[in-house]
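Visitor: Supplied in structure tokens, the structure appears directly below.
The values are calculated or read from the model by the stated rules, or taken from the named source; none is laboratory data. The structure presented is a predicted model; accordingly, all values stated were derived computationally and were not measured. Neighbour counts run over all protein chains shown; Cβ positions are idealised from the backbone, glycine included.
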Amino acid sequence: MTTVEQILMEKGPATIVADPATTVFDAARLMTEDNVGAIVVREAGTVVGIFTERDLMRRVVAVDKDPKTLVMADVMSSPVMSCRLEDDVRHCSKLLSDSRIRHLAVIEDGVLVGLISSRDIQTAEIREDEQRIDQLLHSGQ
């Protein structure tokens, strides 16, 4: 079973992080530049929230707020759902599904070590399924 650690080793642990005082405009620009759907909001080394494309649409655009004056602390989702490096993809998939979210912060010993998305998990699950199929196909030969 694929673990979160294996996913991060493949995709890399780079995670976009912002301060609670970062404007929504600057956060959206960072997300666009790095082609990501979420930014972890951290204060004094502690994860305090997450800002996602969904937050941008629901808490900024749909209610006609000014992204240049609004800050992360006002629109981030909190608390942040998290997982650990040793967690397997099935566990994470269930967490995402049950919570109706798309991102999990990866936290070890209180420290943010990465961020995984539902897409990362789906990719890992597909790879596992393909390996199982390949094993089944070749085990009968």
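Visitor: Considering (1) over 14 Å from the mean Cα position of the chain (by Cα); (2) over 18 Å from Pro79 (Cα atoms); (3) among the acidic types (Asp, Glu), say which one Asp34 fails and leave the rest.
Guide: (1)
Visitor: Also: Looking at Asp55, is it among the acidic types (Asp, Glu) and closer than 22 Å to Ile16 by Cα?
Guide: It is true that Asp55 is among the acidic types (Asp, Glu) and closer than 22 Å to Ile16 by Cα.
Visitor: Right, here's the next one. In segment 10-26, what residues are over 19 Å from Ser118 (Cβ atoms) and under 15 Å from the mean Cα position of the chain (by Cα)? Break it down stepwise before answering.
Guide: Residues of segment 10-26 that are over 19 Å from Ser118 (Cβ atoms), as a first pass: 17-26.
Those that are over 19 Å from Ser118 (Cβ atoms) and under 15 Å from the mean Cα position of the chain (by Cα): Val17, Ala18.
Visitor: Here's a follow-up. What about Phe25, is it more than 20 Å from Leu104 (Cα to Cα), among the aromatic types (Phe, Trp, Tyr), modelled with pLDDT of 95 or more and out of contact with any Cys (no Cβ under 8 Å at 6 or more places or on another chain)?
Guide: Details: more than 20 Å from Leu104 (Cα to Cα): yes; among the aromatic types (Phe, Trp, Tyr): yes; modelled with pLDDT of 95 or more: yes; out of contact with any Cys (no Cβ under 8 Å at 6 or more places or on another chain): yes.
Judged against the criteria, Phe25 is a match.
Visitor: State yes or no: is Gly12 at pLDDT below 95, touching a Lys or Arg at 6+ places or on another chain (Cβ under 8 Å) and surrounded by fewer than 19 Cβ atoms within 10 Å (Cβ to Cβ)?
Guide: Judged against the criteria, Gly12 is not a match.
Visitor: Let me ask something else about it. Among the candidates Val80, Val71, Val60, Val89, which residue alone is out of contact with any strand residue (DSSP E or B) (no Cβ under 7 Å at 6 or more places or on another chain) and touching a residue at least 40 places away in the same chain (Cβ under 8 Å)?
Guide: Numbers: Val80 fails: out of contact with any strand residue (DSSP E or B) (no Cβ under 7 Å at 6 or more places or on another chain); Val71 fails: out of contact with any strand residue (DSSP E or B) (no Cβ under 7 Å at 6 or more places or on another chain); Val60 fails: touching a residue at least 40 places away in the same chain (Cβ under 8 Å).
Going through Val80, Val71, Val60, Val89 in turn, the sole match is Val89.
Visitor: Any residue that is within 30 Å of Glu130 (Cβ to Cβ) and of a type in the set (Val, Ile, Thr) - is there at least one of those in segment 23-45?
Guide: yes
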